[in-house]
Amino acid sequence: MSDPAALAFALEQKLRGWHDAGLTHLPRAVFVAPPPLAVVTPAPPTTPVEAAPAVDVPTTVQSVSQTQPVINVAAAGDDIMAKSRPKPSGGSAALSVEERNQQLAKVAKKVSACVRCQELASTRTQTVFGVGNPQARVMFIGEAPGADEDAQGEPFVGRAGKLLTDIIHACGWTRQEIYICNILRCRPPGNRNPSPEEASNCREFLDAQIQIVNPEYIVCWGTIAAQNLLGREETIGQLRNQWFEYGNATVLCTYHPSYLLRNPAAKKPVWEDMKLLLNKMGLKPPPPKKPS
Ligand code: URA
């Protein structure tokens with residue numbers, strides 16, 4: 001249908017039909033670009049970040065509509081979680097901190113009893129759910145717990161975690177202000193990469209956390225986090241410098257802190273990525289600390 005008048009008429013009819021059927025809002029997913037993922041929509045050119053010099057500026061926004069979080073509420077949590085299903089403008093925005101904590105605790109309890117991945121369940125010391133602010137603006141997603149995380153039950157507490165914490169502080173935040181979790185909630189033996197099946201088994205829990213916290217921004221740390229969350233196959237180098245959408249969140253991908261430990265030169269691009277994120281959030285990094 002190429003005639004604009006006919007198109008407008010047909011659209012009006014459709015909307016009237018939905019309205020008459022009692023529909024007052026459309027979920028956001030209806031509006032995001034349909035697959036295929038390879039379709040790249042130019043980013044809105046107006047935000048100050050995009051105009052900022054000195055930073056490698058992402059030039060694209062990609063929608064990942066087919067990977068919108070679809071949460072099996074009955075399986076991941078309970079009736080309370082049902083209340084947190086996405087509203088047109090904001091997931092669990094109406095929930096209090098206490099309600100979010102309660103819901104997260106319920107999901108964490110399920111996670112702690114999970115035996116979907118037999119190998120992981122039989123080798124873990126404990127599950128590693130997630131930490132931080134249940135109403136954080138930013139969620140950090142890593143790969144999977146390592147030995148230190150498995151021992152302490154908290155994500156990113158080993159060497160890579162210390163570096164991540166430094167990055168968090170350099171952004172002007174504390175660990176308590178953001179929310180941190182992983183693609184997997186159990187340590188893969190020998191720190192091997194999570195298998196696709198393991199990631200898929202754990203996805204319901206990750207999506208529940210995303211839905212309850214309802215962050216405005218998600219940072220995927222490393223290839224595993226980025227590829228799994230977004231359903232992409234490109235390398236992290238290719239996925240950097242682009243904005244993606246996942247549910248209600250705007251997503252940025254960057255190198256994993258473990259990679260930075262092995263390749264300190266990659267700290268610079270990661271810092272560029274963090275500046276980009278802060279800019280997009282309307283924040284500025286704090287001035288560097290003077291040496292004491
Ligand atoms: N690496 C990760 O990806 N996550 C952790 O929690 C620790 C190390």
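Counting Lys +1, Arg +1, Asp -1, Glu -1, what net charge surrounds Arg192 among other residues with beta carbon under 12 Å of its beta carbon? That sum, taken over residues with Cβ under 12 Å, equals -2. A Förster radius of 25 Å, combined with the Cβ-Cβ distance separating Arg262 from Glu216, puts the computed FRET efficiency at roughly 0.20.
Around Asp148, what is the net charge, scoring Lys/Arg as +1 and Asp/Glu as -1 over all other residues with Cβ under 10 Å from its Cβ?
0
For Val157, the residues 5 or more places off, or on other chains, whose built amide H falls under 5 Å of its own are Glu149.
For the range 269-278, backbone phi angles converted through the Karplus equation (6.51, -1.76, 1.60; θ = phi - 60°) give residue-by-residue couplings of x, 5, 5, 4, 4, 5, 5, 4, 4, 4 Hz, Gly and Pro being listed as x. Rounded to the nearest whole Hz, the Karplus-based 3J(HN,Hα) values (6.51 cos²θ - 1.76 cosθ + 1.60, θ = phi - 60°) of the range 230-242 follow the sequence 8, x, 10, 10, 5, 6, 5, x, 7, 7, 5, 6, 9, with x at glycine and proline.
Is the shape of the range 183-281 rounded, prolate or oblate, going by the alpha carbon gyration tensor and its root eigenvalues a ≥ b ≥ c, with a/c under 1.5 for rounded and a/b larger than b/c for prolate?
Values: a/c = 1.92, a/b = 1.13, b/c = 1.69.
In terms of gyration-tensor shape, oblate.
Under the simplified labelling scheme, the Ser195-Arg116 pair shows an inter-label distance of 1.4 nm, with each label point 7 Å from Cα along Cα→Cβ. Remark: for residue pairs Lys110/Lys284; Lys162/Lys284; Lys267/Lys289; Lys268/Lys289, the C-alpha separation exceeds 27 Å in Lys110/Lys284.
On the range 142-292, 50 percent of the accessible area sits on carbon and sulfur atoms, based on a 1.4 Å probe.
The HN-Hα couplings worked out from phi for the range 178-185 by the Karplus form 6.51 cos²θ - 1.76 cosθ + 1.60 (θ = phi - 60°) are 10, 10, 10, 8, 9, 5, 9, 9 Hz, whole numbers, x standing for Gly and Pro. Looking at the range 250-292, the accessible area is 60 square angstrom per residue; that uses a 1.4 Å probe and ignores ligands, DNA and RNA.
Computed over the alpha-carbon atoms, the range 221-274 gives an Rg to Rh ratio of 0.97, Rh here being the Kirkwood radius from the mean inverse distance.
The values are calculated or read from the model by the stated rules, or taken from the named source; none is laboratory data. The structure displayed is predicted, hence computed values, not measured ones. Quick reminder, even Gly has a Cβ in these numbers, built from the backbone with ideal geometry, and neighbours come from all protein chains shown. Quick note on the areas: whole protein, heavy atoms, side chains included, nothing else; ligands and nucleic acids left out. Shrake-Rupley method; radii C 1.70, N 1.55, O 1.52, S 1.80 Å.
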